[in-house]
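No lab work stands behind these numbers, since they all come straight from the coordinates. Values in this document were obtained by computation on a predicted structure and should not be read as measured data. Neighbour counts run over all protein chains shown; Cβ positions are idealised from the backbone, glycine included.
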Amino acid sequence: MVGLMRPKKLLTQNSELRPDGIYNWSLPAFAVKLSSGENFNVCPQAGACAKFCYARNGTYNFRNVKARHIANLEYILEDPQGWFNQMLDEVQKPRMRCKYVRIHDSGDFYSREYLHKWFKVMDSLPNVQFYAYSKSLPLLVNEKLPSNFTLIKSIGGKRDDLIKDGDRHARIFKTEKELIDAGYINASENDLNAIGSNPRIGLLAH
């Protein structure tokens, strides 16, 4: 891409995440048109979830937010080494106090090459905990995950058959009562519940 605009900051954080030292990395959700005119599917394994995805609604549709997420995607596509160097530099800044990185507040692992870029980041930052919800389960088959990475398999994709009994997984519920009665922990109340002792992660529908 000619004249690639590199984001000044790769990670974001809101007031709810700040006390726990959690940062987000976001990509566009589902299909998007790049500045080159190319169509790109960031969530190739999305199933029924694509119709009601929270990351395709609300503030995610603000022009500046969509532009930021597209810039993130184009950066890693066009300059993966620059992205890697900037990510390491950002996470390690003392003022960031970064303890956790949630990969993909929106978006997903769209290719094995991209997945391995993140593994390289994780291996370089062993004192930081990374976690991600993902429906890109075929990419993760037979992959050895870094010890500082927690994967939450999300129900609602094309390959839910790859989610086995006992796997850490996430399910959407309409009410908190339904969530609790089913034996899930509510990660909508506390993001870190997603990587806690209960592998059954419940999220409330937006």
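Where Lys and Arg each count +1 and Asp and Glu each count -1, what net charge lies around residue 153 among other residues with Cβ under 15 Å from its Cβ?
On the way: positive: 135, 158, 159, 164, 168, 171, 200; negative: 108, 143, 160, 161, 165, 167.
Around residue 153, the charge tally is +1.
Just subtract the alpha-carbon distance of residue 162 and residue 20 from 0.36 nm times their residue separation and send over the number in nm, one decimal. Working shown, then result.
Values: separation 142, 0.36 × 142 = 51.12 nm, distance 3.15 nm.
Additional length available on full extension: 48.0 nm.
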Query raised in the report: Which distance in nm do the two modelled labels at residue 41 and residue 141 give, with both placed 7 Å along the Cα-to-Cβ direction?
Result: 1.7 nm
Query raised in the report: What is the pair-distance distribution P(r) of segment 124-200, computed from all Cα-Cα distances in 10 Å bins starting at 0, with each bin given as a whole percent?
Result: 17, 49, 29, 5, 0
Query raised in the report: Shape call for segment 60-126 from the C-alpha gyration tensor, a ≥ b ≥ c root eigenvalues: rounded (a/c under 1.5), prolate (a/b greater than b/c) or oblate?
Result: oblate
**Report entry** Cα→Cβ-extended label distance, 7 Å offset, between residue 34 and residue 120, nm
**Finding:** 1.7 nm
**Report entry** Coordinate range along principal axes, alpha carbons of the chain, Å, largest first
**Finding:** 52, 38, 36
Query raised in the report: Which aspartates and glutamates does residue 144 reach when only Cα atoms under 13 Å apart count, and residues fewer than 8 places away in its own chain are ignored?
Result: 123
**Report entry** Using θ = phi - 60° and Karplus 6.51 cos²θ - 1.76 cosθ + 1.60, couplings along segment 168-174 (whole Hz; Gly, Pro as x)
**Finding:** 5, 8, 10, 9, 8, 10, 7
